[in-house]
1. Can you work out ³J(HN,Hα) from phi for every residue in the range 89-103, in order, using Karplus 6.51 cos²θ - 1.76 cosθ + 1.60 and θ = phi - 60°, giving whole Hz and x for Gly and Pro?
2. Counting pairs on different chains as well as pairs 8 or more places apart, how many Lys pairs in the range 1-159 have Cα atoms under 20 Å apart?
3. Only sites in a loop by DSSP and with at most 14 other Cβ atoms within 10 Å count here; which GluC sites (Glu not before Pro) in the range 9-114 make the cut?
4. Please give me, ordered by residue number, the trypsin sites (Lys or Arg not before Pro) of the range 80-142 that lie in loop per DSSP and have at most 11 other Cβ atoms within 10 Å.
5. Work out, step by step, the length gained on full extension between Asp101 and Asn79: first 0.36 nm times the residue separation, then minus their alpha carbon distance; give nm to one decimal.
6. Using only the alpha carbons of the range 3-60, determine the length spanned along each of the three principal axes and report them from longest to shortest in whole angstroms.
7. Run the numbers for Glu131 and Thr4: contour at 0.36 nm per residue of separation, minus the present Cα-Cα distance, in nm.
8. Using only C-alpha atoms and all pairs of different ones, pull out the Kirkwood radius for the range 1-128 in Å with one decimal.
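The values are calculated or read from the model by the stated rules, or taken from the named source; none is laboratory data. For clarity, every value in this text was computed on a predicted model and none was experimentally measured. For neighbour counting, all protein chains shown are included, and Cβ atoms are generated from backbone atoms with ideal geometry for every residue, glycine included. Ligands, DNA and RNA are excluded from the accessible area calculation, which covers all protein heavy atoms including side chains. Shrake-Rupley method; radii C 1.70, N 1.55, O 1.52, S 1.80 Å.
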Amino acid sequence: MALTRFEEEIIHNALSNAFPPSLEASHPLIAQEILRLTQLLKPQYIDDFPELSIVTDRAENILGPLQSVEAGDLHKLYNSLKKQRQLEELYFVAFLSCTMDSPSQDSDQFDQYKALTFFVSVKLYILGAHESAIKAVCNEVRQWALGQRDSLSNQLPEVIRNQFANLIDDLFELRLESSNKCNTLTSKDLKGC
């Protein structure tokens, strides 16, 4: 499915959230992480994201032919955002700069969810009026990377072998189950809802 020029421009505008002018020096690092996520995306998900080629082209243009950055630089970027208290304001960059460091977590599953979160977020930015949902999911994935949501990985559907439509259905069912659970608990039990 070919995208129109208008759709391509909308994608470029959506990607501006990943490349804020205030972090211009970090754009190559962010671009490299985006390229890593595009390469990690499992084949069964690629057809669901026609934006992939435009996102890849934009990241490659920002990175340039000779630039390479170290993976540890993502930690530096994240720590800089944290130190400057910009995690909320630049939540999309904070999400992109988080890495799974917990040895008890499945880093392949985390990376696949991070890649899917990135591309779904781009789709939602394109659709417009979904920033609160994007911010919420980006913050949850970031908290998971920081070890604050270790139980999350046990609750999420299998992402490595699942098809996109099945994954969405499974996530929707989990959301309904969680919602029903919260509706049947007493106010004393609602802390986790």
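1. 5, 10, 4, 5, 5, 4, 4, 5, 8, 7, 10, 7, 10, 6, x
2. The number of close lysine pairs in the range 1-159 is 9.
3. Counting only loop positions with at most 14 other Cβ atoms within 10 Å, the GluC sites (Glu not before Pro) in the range 9-114 are Glu70, Glu88, Glu89.
4. Arg85
5. Full extension of this stretch gives 6.5 nm more.
6. Between the extreme Cα coordinates on each principal axis of the range 3-60 lie 34, 27, 15 Å.
7. 43.4 nm
8. 15.2 Å is the Kirkwood radius here.
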